[in-house]
Structures are given as C-alpha cells and as structure tokens.
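Peer 1: Before I ask anything, here is the structure I am working with.
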C-alpha cells in the first residue's frame, strides 16, 4: 500500500511539473488515501491548491502537515501565505511569528510578516520587520522596496527614496521601484527627478500605464508652476510699466 502511495505521489509531482494542477491534486489525494500520514503529499497538495487560489483547502492541508510535524517552520510560513492571500492578516501574522520562533533567521517570514502589518496599516512595526529581514540579508531588494512603501505611508519621503534607491541598486530593472521613487520625489517637489524616474520605469516596461499616468500628472503640475510664475512675472511687469507711465503731479 505504501509503495502504491509513493507511485501516486510521484505521478502527482510529474503532473504538477507539466502544469496539470487538478490532476496533480487528484493523485496527491490518492496517495493520502493510501497513506494518511503522508506529509509530503499534504504539503504538495497544499501548494497545488494555492496555485488554484483555493486557499481554504490549502490552509487545511498545511494544518495537517503541522499536526504531523509541529516543528516544521516552512508549514507555518506557507500557511501564513495562504491566510494572507485570503485576507486573514492577523492569522497570517500569527503563523509567520511561529515560523520565526522555530527559525529566528527566517528572513522571508520577517519580510512577509512586515507585508501583513503593512496591509493592516501598522507601518511602524512593518518597518521593524523589513529592517530585520534586511539585516539577515542585505541584498534582499524586495525588503528595501516594501520598507520604502511603508516609509512613504508615514510621509518619510527621504528615507523612502533611500530604500527605493537601494532596491534599484540591487535590481537595476526594477520598474516599480523607479515609479515609487518618482512618487516620493514628487512629494518633495523634486519634479525633474520624479520625471526622470518615471521615464526610466516606462523605458523598462513600455506598457506601464500607472507610470505613464503619474508622469503626465507631474508634467502638468510642472507646467502649471511655470505658467503661474510667468503669470506673476507679467503681472509684476505690467504694474511696473503702469507705474512708470503714471503722470507726476505738478510741484
């Protein structure tokens, strides 16, 4: 029976590699039917359910893995991902935290817990988690990027720019980081820097409509400032000319 379970498991893995997710789930289920403590089958079926966005079923399978292997930090982490995808952010945080207790150097768990805190608008705590993730892996470009977003939300634009710049240095084709840095530059009224970054984001992703729309807003804003300055100048010049041609009183 166990040998048959292994055969179904191997077939399921093969179907999964071919992208036949539903077939894979069927075969994992057959393996589990023959061997109800088949941890790897539960684990892989959970991944397959995740791929189909059937998060409740994925959570159920990860829970079974945790029952069978309570010290499996990966199972807690992946169940946390499923909770986050299903919008259950507090439960996701609980699972990420358990994964961190089991593996204190788990950079991805810190990073994704930070994401969950950000989704709850708890940006200060999120920044702490992103910073911990970065301390564990200084080349983790996504952690810099997401910390930049959290700092943006706190209106800490200078530090947000610093984080986006670090992300770009680590991943030079990171169009989203250019777009977000451009937004921070705009908040600081550094309009030329903002436009330059939008241009770079669009160069990297020509169909990046958000960057195109944002760039247009900044260009329109800059044009408005220029026209406003010109308007004030001409008004002042007219005032000077009128004053210059004003008749003087007789003495």
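Peer 1: Could you work out the relative contact order of the chain? I mean the mean sequence separation of Cα pairs under 8 Å and 6+ apart, divided by the number of residues, in percent.
Peer 2: 8
Peer 1: Measure off 7 Å from each Cα along the Cα-to-Cβ vector at residue 165 and residue 220, then give the distance between these two points in nanometres to one decimal.
Peer 2: Between residue 165 and residue 220, the simple spin-label model gives 3.0 nm.
Peer 1: Taking the 0 to 90 degree range and rounding to the nearest ten, how far is the long axis of helix 175-187 tilted relative to the main principal axis of the chain, both from C-alpha atoms?
Peer 2: 40
Peer 1: Additional query: So for 156, 137, fewest C-beta neighbours within 10 Å to most, what's the order?
Peer 2: Final ranking by Cβ density, sparse to dense: 137, 156.
Peer 1: Sticking with this structure for a sec: Taking R0 as 25 Å, what's the FRET efficiency between residue 57 and residue 103 from their Cβ-Cβ distance, rounded to 0.05?
Peer 2: 0.45
Peer 1: At q = 0.21, 0.25, 0.26 Å⁻¹, what is the log10 ratio I(q)/I(0) for segment 1-91, with the Debye formula run over Cα points and no solvent?
Peer 2: Computed log10 I(q)/I(0) values: -0.95, -1.20, -1.25.
Peer 1: Kindly put 132, 122 in sequence by how many other C-beta atoms sit within 10 Å of each C-beta, fewest to most.
Peer 2: On the way: 132 20, 122 17.
Sorted ascending by nearby Cβ count, the order is 122, 132.
Peer 1: Once fully extended, how much extra length lies between residue 33 and residue 68, figured as 0.36 nm per residue of separation less the alpha-carbon to alpha-carbon distance?
Peer 2: Result: 11.0 nm gained on full extension.
Peer 1: Only Cα pairs within less than 10 Å get springs; with that Gaussian network setup on the chain, which residue of 208, 42, 117 has the largest fluctuation?
Peer 2: Residue with maximal mean-square fluctuation among 208, 42, 117: 208.
Peer 1: In deg cm²/dmol and to the nearest 500, what is the mean residue ellipticity at 222 nm of the chain if only DSSP H runs of at least 4 residues count, each as -39500 (n - 2.57), divided by the residue total?
Peer 2: Roughly -26500 deg cm²/dmol at 222 nm, from the helical runs in the chain.
Peer 1: When a footprinting reagent is the concern and you count Cβ atoms within 10 Å, what order do 101, 65 take, fewest first?
Peer 2: Result, fewest neighbours first: 101, 65.
Peer 1: Mind pulling the angle between the C-alpha long axis of helix 123-136 and the longest principal axis of the chain? Nearest 10 degrees, somewhere in 0 to 90.
Peer 2: Long axis of 123-136 versus the principal axis of the chain: about 70 degrees.
Peer 1: Continuing with the same structure: Once both axes come from the Cα atoms, what is the angle between helix 55-68 and the longest principal axis of the chain, in degrees from 0 to 90, rounded to 10?
Peer 2: Compared with the principal axis, the helix lies near 50 degrees.
Peer 1: Shape verdict for the chain, please, from the Cα gyration tensor: rounded (a/c under 1.5), prolate (a/b greater than b/c) or oblate.
Peer 2: Judged from the Cα gyration tensor, the chain comes out prolate (a/c at least 1.5, a/b above b/c).
Peer 1: What relative contact order, as a whole-number percentage, does segment 1-91 give when Cα pairs under 8 Å and 6 or more residues apart are counted?
Peer 2: 20
Peer 1: May I pose another question? First check a/c for segment 128-168, with a ≥ b ≥ c the square roots of the eigenvalues of its C-alpha gyration tensor; if it is under 1.5, answer rounded, and if not, answer prolate when a/b is larger than b/c or oblate otherwise.
Peer 2: Numbers: a/c = 2.49, a/b = 1.50, b/c = 1.66.
Oblate is the answer for segment 128-168, as a/c is 1.5 or above yet b/c matches or exceeds a/b.
Every read-out reported here was derived from the displayed coordinates using simple, explicitly stated rules and does not represent laboratory data. All values derive from a computational prediction rather than experimental measurement. As a convention, Cβ positions derive from the backbone with ideal geometry for all residues, glycine included, and neighbour counts pool all protein chains shown.
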